[in-house]
Amino acid sequence: MASTYSFDVVSDFDRQELVNAVDQVVRDIKGRYDLKDTQTTLELKEESINISTDSEFTLDSVHNILREKAAKRNLSQKIFEFGKVESASGNRVRQEITLKKGISQEIAKQISKLIRDEFKKVQASIQGDAVRVSAKAKDDLQGVMQRLKQEDFPVALQFTNYR
C-alpha cells in the first residue's frame with residue numbers, strides 16, 4: 001500500500017471534442033437561414049479560433065452557437081478568451097478566440113495557498129503549468145477536490161493522475 005496519495009490539478013481540454021464542436025458550428029451556420037448568406041468562416045488553429053463574418057450581430061450569433069456546442073460536448077466556457085473585434089476588408093469583422101490551456105503561475109500560487117490555509121495534512125507543489133497535491137489519506141484529497149470545485153478560478157480545472 002502506498003504511503004502517500006496524489007493527484008494533479010491541470011487546466012486542459014479535449015482537443016477532439018473542440019474539433020467536433022467547431023465542425024458542428026460550421027454546419028449550423030450553413031443551415032441557419034439568418035447566417036446562410038453571411039460568408040462566415042471559422043478557422044481552428046493550434047491555440048486559437050479565427051472567426052470572420054459580415055457584422056457584429058452575426059458574430060454574436062456565432063459566439064452563442066459556439067458556446068452552446070462546446071457546452072454540449074462538456075467543454076468549459078473558460079477555455080475561450082475572446083479577443084477584440086477587428087474590422088476587415090469589405091465591411092467585414094473578424095475576431096480571434098484564444099484557447100486557454102495550462103495554469104499560470106499566479107493561479108497556481110492561489111491554489112496552493114488555498115490548500116495550505118484550509119488543509120493542514122495536504123501538501124501542494126507547483127510543477128510547471130500544473131499543481132501536484134499529495135496527502136497520506138485519500139479522504140483529504142477528496143476534500144481538496146470538492147473545495148477546488150467550489151472556488152471560481154478563471155481557468156477550467158481538471159484533476160488527473162490520481163493515485
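A few points about this structure:
- Dipole check for the chain: with +1 at the C-beta of Lys and Arg, -1 at the C-beta of Asp and Glu, and the Cα centre as origin, the magnitude is about 660 Debye.
- Whole-Å distance, taken between Cα centres, linking the range 46-105 and the range 143-158: 24 Å
- Compactness relative to 2.2 N^0.38 Å, alpha carbon Rg of the range 1-83: 1.40
- The range 6-163, Rg to Rh (Cα coordinates; Rh as Kirkwood inverse mean 1/r): 1.10
- Over the chain, DSSP H runs of length four or greater, each weighted -39,500 (n - 2.57), average out per residue to a 222 nm ellipticity of -12500 deg cm²/dmol.
- Peptides 27-34, 5-12 ordered by packing proxy, namely the average of other Cβ atoms within 10 Å per residue, highest first: 5-12, 27-34.
- The label point for Lys72 and the one for Ser104, both projected 7 Å from the Cα toward the Cβ, are 3.3 nm apart.
- With the simple spin-label model, which puts each label point 7 Å out from Cα in the Cβ direction, the Phe159 to Glu81 separation comes to 2.6 nm.
- Over 19 Å apart at the Cα level, from the set Lys69/Lys149; Lys78/Lys121; Lys113/Lys149, are Lys69/Lys149; Lys78/Lys121.
Here, each number is a calculation from the coordinates, and none is a lab measurement. All figures in this text were calculated on a predicted structure; none of them were measured in a lab. In this analysis, Cβ positions are derived from the backbone assuming ideal geometry, glycine residues included, and neighbour counts consider all displayed protein chains.
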